[in-house]
Amino acid sequence: MNRIDHILDHPLFRERLARLEALEADRAFCRHDLSHLLDVARLMWIWVLEEDLPVSRETVYAAALLHDLGRADQLERGIPHEEAGAELALKILPEVGFTENACEEIRDAILGHRRSGAAARSPLGELLYRADKACRPCWHCPASAACNWPDEMKNTGITR
Ligand SMILES: [Fe+2]
Ligand SMILES: [Fe+2]
């Protein structure tokens, strides 16, 4: 089994994602389910290929799959999800075989994924931030008018 499938199969990943999907079952706005995590991963990987960036496919998928995993902790306990997610990543990644350097790179990308213009963002962190926003089909969203994203941030079509 490769390291990405190991993440998908990890008990902590499965438990947190199931909890989050239950918590967001009636959410009108964007959800943070497996489809979102895969949308982010695939968009990031397209950009790595298009822009010839020095980031591995496994690192891209690991960061994308784990970036919102802390949302159940945010909804239930008020912990910012980038912090809860970074902590979960540091539990899961070493167990599925990522090196210490890769774990730190992915943790930092998760920690910065909500902050626009975060200082010293790594190539991985920049990709994660961009893909997380760009993957949302705002132009097709029935809840768009009530969404708290400013209009200038909402995606108006497929531009990437
Ligand atoms: Fe997030
Ligand atoms: Fe996200």
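The values are calculated or read from the model by the stated rules, or taken from the named source; none is laboratory data. Since we're looking at a predicted model, the values are computed, not measured. Cβ placement follows ideal geometry from the backbone for every residue including glycine, while neighbour counts extend to all protein chains displayed.
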Would you confirm whether any residue within the stretch 125-140 is part of a loop (DSSP other than H, G, I, E, B), more than 16 Å from ligand 1 (Cβ to nearest atom), out of contact with any Phe, Trp or Tyr (no Cβ under 7 Å at 6 or more places or on another chain) and modelled with pLDDT of 95 or more?
no
Filter result (farther than 15 Å from Val55 by Cβ and surrounded by fewer than 17 Cβ atoms within 10 Å (Cβ to Cβ)) within the stretch 115-132
Arg115, Ser116, Gly117, Ala118, Ala119, Ala120
Out of (1) exposed (fewer than 13 other Cβ atoms within 10 Å of the Cβ); (2) away from ligand 2 (no atom under 16 Å from the Cβ); (3) within 25 Å of Asp26 (Cα to Cα), what's the single condition that is false for Ser144?
(1)
Test: Glu15 is surrounded by 15 or more Cβ atoms within 10 Å (Cβ to Cβ), within 18 Å of Ala84 (Cα to Cα) and not β-branched (Val, Ile, Thr)
no
Among what's in the stretch 28-83 and is free of Cβ contacts under 8 Å to residues at least 40 places away in the same chain and outside any helix (DSSP H, G or I), pick the residue that is farthest from ligand 2 (Cβ to nearest atom).
Asp52
